[in-house]
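Peer 1: I'd like to ask some things about the structure below.
The values are calculated or read from the model by the stated rules, or taken from the named source; none is laboratory data. Since the model is a prediction, treat every value here as computed from it, not as a measurement. Heads up, the Cβs are rebuilt from the backbone with ideal geometry, glycines too, and the neighbour counts pull from every protein chain shown.
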Amino acid sequence: MADPSRRADQRVPCDVPAALYTPSSDSFVGTARLTDIGLGGAMIETSVPVLRRVPYELRWEWRGQAMKATGRVAWEKAGGNAHRYGLSLATTSEQERLIRRMIDDLRQQLWSGK
């Protein structure tokens, strides 16, 4: 797993349903759970095998807003029926703005204890 102290951007824990697609063909790959997110990456849990060096589009919804980002597997950890994958994300400025808003909301939830 990536060393959190080496990350350029801090991750925030979350628990959000998501879906994986292939960006080139827009084919559905499988469902996932987004378990943490930062500006440069995210961690997902899924029962679907996800390959390194293959770009995936991660899609999810946050507060009624459809969100997506393209990522590649940076690390993986097998465990039971689900696998954890760290994704390195490549985002547009608009996607980054939306992820920033999500991170701010998540941090506020953590601080308020909700």
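Peer 1: Filter region 54-95 down to the residues that are of a type in the set (S, T, Y), closer than 22 Å to S25 by Cα and not in a strand (DSSP E or B), then identify the one that is nearest to the chain's Cα centre (by Cα).
Peer 2: Once the filter is applied, the top-ranked residue is T91.
Peer 1: Of the residues that make up region 32-43, is at least one closer than 21 Å to D9 by Cα, surrounded by 16 or more Cβ atoms within 10 Å (Cβ to Cβ) and more than 10 Å from the chain's Cα centre (by Cα)?
Peer 2: no
Peer 1: Just give me the residues in region 44-71 being among the hydrophobic types (A, V, I, L, M, F, W, C), surrounded by fewer than 17 Cβ atoms within 10 Å (Cβ to Cβ) and over 25 Å from S93 (Cβ atoms), in sequence order. Give the steps one after another, and end with the answer.
Peer 2: The initial filter retains those residues of region 44-71 that are among the hydrophobic types (A, V, I, L, M, F, W, C), namely 44, 48, 50-51, 54, 58, 60, 62, 66-67, 69.
Still in the running and surrounded by fewer than 17 Cβ atoms within 10 Å (Cβ to Cβ): 48, 51, 54, 66.
Selection gives V48, L51.
Peer 1: On the basis of being assigned to a helix (DSSP H, G or I), at pLDDT below 95, among the polar types (S, T, N, Q) and surrounded by 12 or more Cβ atoms within 10 Å (Cβ to Cβ), does Q109 make the cut?
Peer 2: yes
Peer 1: Then there is this: Which is touching a residue at least 40 places away in the same chain (Cβ under 8 Å), under 20 Å from P13 (Cβ atoms) and of a type in the set (D, E, K, R), of R59, R101?
Peer 2: Going through R59, R101 in turn, just one is touching a residue at least 40 places away in the same chain (Cβ under 8 Å), under 20 Å from P13 (Cβ atoms) and of a type in the set (D, E, K, R): R59.
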